[in-house]
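Data first, discussion second: the structure below is written as structure tokens.
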Number of protein chains: 2
Amino acid sequence: MLQTPPAAPGDREEDIDTPALLIDLDAFEANIARMADFLRPTQARLRAHAKTHKSPVIAHLQMKAGAVGQCVQKVAEAEALAWGGVPNILVSNEVVGAAKLARLAALARVAEIGVCADDAGEVSALEAAAEAARIRLSVLVEIDVGAGRCGVAPGPEAVALARRIAASPHLRFGGLQAYHGSAQHIRRYGERAAAIEGAVAQARRTVEQLKQQGLECEIVGGGGTGTFPFEAGSGVFNEIQAGSYVFMDADYGRNLDEAEAPVSTFAQSLFVLGTVMSRPRPEVAVVDVGLKAVAVDSGLPLAWGRPGIRYVGASDEHGKMVVEDGGAAPRLGEKLRLVPGHCDPTVDRYDWYVGVRKGRVECLWPVTARGGFS
Amino acid sequence: MLQTPPAAPGDREEDIDTPALLIDLDAFEANIARMADFLRPTQARLRAHAKTHKSPVIAHLQMKAGAVGQCVQKVAEAEALAWGGVPNILVSNEVVGAAKLARLAALARVAEIGVCADDAGEVSALEAAAEAARIRLSVLVEIDVGAGRCGVAPGPEAVALARRIAASPHLRFGGLQAYHGSAQHIRRYGERAAAIEGAVAQARRTVEQLKQQGLECEIVGGGGTGTFPFEAGSGVFNEIQAGSYVFMDADYGRNLDEAEAPVSTFAQSLFVLGTVMSRPRPEVAVVDVGLKAVAVDSGLPLAWGRPGIRYVGASDEHGKMVVEDGGAAPRLGEKLRLVPGHCDPTVDRYDWYVGVRKGRVECLWPVTARGGFS
């Protein structure tokens, strides 16, 4: 059952029903423009990660500003984008299982589809799915450049897998997937830079070894909101897979720049709007934003523009907030903007984005690819 | 967009697409029967909490086994149940805001609806909504019996609010809501018992003071999966609001009984089924169950029936597992059952329950009331 839309265009922000997922459209559009401006003088193009927004509407806005396409993390997200008219989609991940591979191959009739592999047996499975669907699938080799998650070792192991892909009449060798996930939230600038220096060296070495075998990398992709300036300036990466930049969250807000100040490249554009539903004691306010309305895996949400009010605990449907010395206590029924700790899984709780500008609702966009199924 | 059903009745468990939310029907039915058997000789009846299952199908099964109705935590859940034919629903929580109150009052035309209050101004708002809808709403006074979240103080403050409710021609005083949430996961039996002893004393005192004012409590409700035997045996509580008992989770599995062994009253019946999607190194297996497929607020999921395999880290769409000494390594493509850390918000990630019995899919049930909106 689709959730009831919490507002209609023209409504005032304070009349939006809650919990609701808000996009501050001015900040959101500025983030899209800022990323485009940053990448324009580099060799890298944006392939924005849709695991953040899950929305063909936002994908098209990013592509209008210069993104070459979108990344997704699973077949269900690829379907939502392809069915929403997004023409170029890379599953920046492995896809396993015959049912999922058949769904993926079917999409290659309506969009350019790429996918990653880190296992020769899986390449055979991709080949069988592509042959059965009578399409040709672009397959990138995922290399582990430091994250310790998926991916083959850079160098000879990656070259062997690329040769296997290139030898198939049903597949096309698409390049390298070289995302260093665990570097994105290293707080200090120098340490983030050092982690990506290692990733760049591994990617460069692998690209060169592939070239010696006559294999060109159409795509060398990686980089996220925490590290993309390093990959974009490396001369090796040609696609940047940042997703969170468009919304930001409290966790990314804790990354530091060269001067040890919070990185301020992008503005917070995503909020969860909550209502104070109980004021049992002067120092306590309970909001209707709990575990089902905001993700807490990367820390609790922050109260936006309300110093002295702190979110201290989440249960299923409640968020307990405390009013600290000097904080202006919220009244019962008051609406509060919260900054989620982690944007991607927070978006996943909602069927609707509510776009607001200068205090008024301007648009409702569906969160098309939400949910646990892949 | 509704998620694609991951299976069809008759499929083998190993052919279910993933991530999927599984109910082991034998264990699930045994849990329902066991709770009914336990409460039969007590003065308390079950009003099962639907914030766990979010499903009219499961609500009806619980009521067939003797539950007097259902609890919910928000209006969207009440709507899903009422529209699914559940006749008796208590919102065990405060509801704030004119739009939500109008939705709640409208439901009172198709089901018995109760709601809680902890503020006189909110009682006036409930009264206005009931009058406008020309219905009579049952309102319980929520008292804080130790959880430190919502609720007025037990005793005179509660009595004053009850008198305010009883004085309204549009409301009916429904009794006391006295749930001690933070006691549910106190690990040691004696400490859980002591916490509820305090809650029972507060509820008893308040019931007696209300009686002195001529106010009878039709409902004295509380108790969860961690503490319900204490409330049920108290002689004060007449409704038990357990929800998780029907599924269980890793967090409840850590509660201890009198002999310091894990409480074994209920069996684990809820699982997330995942697929091993990468085996980059012998000691690492990556599954397709990450932050969007399982809740991690109360700890990481556990591998079911697979000693020596441990889930060590979640990102958006990946779960990293390590194979420890003596563990049987899973193969690429293998399906694994995981026990969620916290059942309620895990269910919230899915559109479909897949009911399995003896290795075969028996039914698909929609998770009707999922999502962040309330």
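The values are calculated or read from the model by the stated rules, or taken from the named source; none is laboratory data. From a predicted model like this one, the values you see are computed outputs, not experimental measurements. Note that each Cβ is placed from the backbone with ideal geometry, even for glycine, and that neighbours are counted across all protein chains shown.
Side notes on the structure shown:
- Region A:255-280 - residue that is closer than 17 Å to residue A:22 by Cα, of a type outside the set (S, T, N, Q) and in a loop (DSSP other than H, G, I, E, B) and, of those, farthest from the other protein chains (Cβ to nearest Cβ): A:267
- Residue within region B:250-257 that is outside the structural domain of residue B:342 (by TED's automatic domain parsing) and crowded, with 22+ Cβ neighbours inside 10 Å present: yes
- Number of residues in region B:281-316 that are surrounded by fewer than 24 Cβ atoms within 10 Å (Cβ to Cβ), within 8 Å of another protein chain (Cβ to nearest Cβ) and either not hydrophobic (A, V, I, L, M, F, W, C) or not in a strand (DSSP E or B) (or both): the value is 5.
- Among the candidates A:216, A:231, residue that is assigned by TED's automatic domain parsing to the domain that holds residue A:193 and surrounded by fewer than 24 Cβ atoms within 10 Å (Cβ to Cβ): A:216
- So residue A:196, is it touching a Gly at 6+ places or on another chain (Cβ under 6 Å), away from chain B (no Cβ under 14 Å) and either among the small types (Gly, Ala, Ser) or more than 30 Å from residue A:330 (Cα to Cα) (or both): no
- Hits in region B:349-366 - residues which are in a strand (DSSP E or B) and either out of contact with any strand residue (DSSP E or B) (no Cβ under 9 Å at 6 or more places or on another chain) or within 14 Å of chain A (Cβ to nearest Cβ) (or both): B:352, B:353, B:354, B:361, B:364, B:365, B:366
- Criterion applied to B:5, B:41 was being assigned to a loop (DSSP other than H, G, I, E, B), modelled with pLDDT of 95 or more and of a type outside the set (Lys, Arg), and the one residue passing it is B:41.
- Some residue of region A:109-124 being modelled with pLDDT under 95, more than 10 Å from every other protein chain (Cβ to nearest Cβ) and surrounded by fewer than 23 Cβ atoms within 10 Å (Cβ to Cβ): yes
- Test: residue B:220 is farther than 13 Å from residue B:184 by Cα, hydrophobic (A, V, I, L, M, F, W, C), outside any loop (DSSP other than H, G, I, E, B) and away from chain A (no Cβ under 14 Å): yes
- Inspection of region A:350-369 identifies no residue that is under 20 Å from residue B:298 (Cα atoms), crowded, with 18+ Cβ neighbours inside 10 Å and of a type in the set (Asp, Glu).
- Cβ-Cβ under 7 Å pairs, at least 6 apart or on other chains, region A:237-248 side touching a residue at least 24 places away in the same chain (Cβ under 8 Å), far side assigned to a loop (DSSP other than H, G, I, E, B) and among the aromatic types (Phe, Trp, Tyr): A:241/A:179; A:245/A:266; A:248/A:266
- Of all residues in region B:88-118 being in contact with a helix residue (DSSP H, G or I) (Cβ under 8 Å, 6 or more places away or on another chain) and among the charged types (D, E, K, R), the one that is farthest from residue B:78 (Cα to Cα): B:118
- Residue B:328 vs. criteria on the phi < 0 side of the Ramachandran plot, in contact with a Cys (Cβ under 9 Å, 6 or more places away or on another chain), outside the structural domain of residue B:82 (by TED's automatic domain parsing) and assigned to a loop (DSSP other than H, G, I, E, B): no
- Single unsatisfied condition, residue A:57 versus (1) touching a strand residue (DSSP E or B) at 6+ places or on another chain (Cβ under 6 Å); (2) closer than 16 Å to residue A:232 by Cβ; (3) part of a helix (DSSP H, G or I); (4) among the hydrophobic types (A, V, I, L, M, F, W, C): (2)
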